[in-house]
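Right, one structure below, let's go through it.
Laboratory data are not the source of any read-out in this text; all were calculated from the coordinates shown. Everything quoted here is computed from the prediction, not taken from an experiment. Positions of Cβ are generated from backbone atoms using ideal geometry, with glycine treated the same way; all protein chains shown enter the neighbour counts.
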Amino acid sequence: MTDVLVIFAAKYFYILAVCIFLYYGYTAEHRFAFIRLTLITAALALVLSVVASALYYNPRPFMVTGVPPLVAHTPGNGFPSDHALLTGTLAAVMTMANPFLGGVLWLIAIVVGAGRVLANVHHSIDVVTSFLIAAVSVLVVHYALRRYAKPGK
């Protein structure tokens, strides 16, 4: 039963975060600002993730230990975690727009990240780094938009 929960968290639980995020974006009072923050933050997070991946190689745990993963995955660089980057970015953006829902999405992101680690497809550092990239990205974009964007645009 534990393996089933880990597999669900590692493979499918991120969908809940996406659904909550999309629903909020669809119903948000300041939809344009939310979408703008989301798109720019996601682009920056993706660029930083690609750079981090190029600078640091961290083989997936199953490659090192020989223990098969609970979730089928190709061998290679696990740094940083794409699933954690996605859920962390959604959570970080949501935190700026709605702190309560942001907290809910951070909880989901943590469960997804833990699932990826427990499923033996990522190391903890892969997940934590993804969360840091997401948080730094949204802070940089939020600050830049507040500082340089024209009011009402």
Checklist entry - Does the stretch 143-150 contain any residue that is of a type in the set (A, V, I, L, M, F, W, C), surrounded by fewer than 24 Cβ atoms within 10 Å (Cβ to Cβ) and outside any helix (DSSP H, G or I)? => result yes
Checklist entry - So, of the residues in the stretch 85-142 that are among the hydroxyl-bearing types (Ser, Thr, Tyr) and touching a Ser or Thr at 6+ places or on another chain (Cβ under 7 Å), which turns out to be farthest from Met1 (Cα to Cα)? => result Ser137
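Quick grid of which residues meet (1) under 13 Å from the mean Cα position of the chain (by Cα); (2) under 17 Å from Val140 (Cβ atoms):
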site: Thr2; (1), (2): no, no
site: Leu46; (1), (2): yes, yes
site: Leu55; (1), (2): no, no
site: Val67; (1), (2): no, no
site: Leu107; (1), (2): yes, no
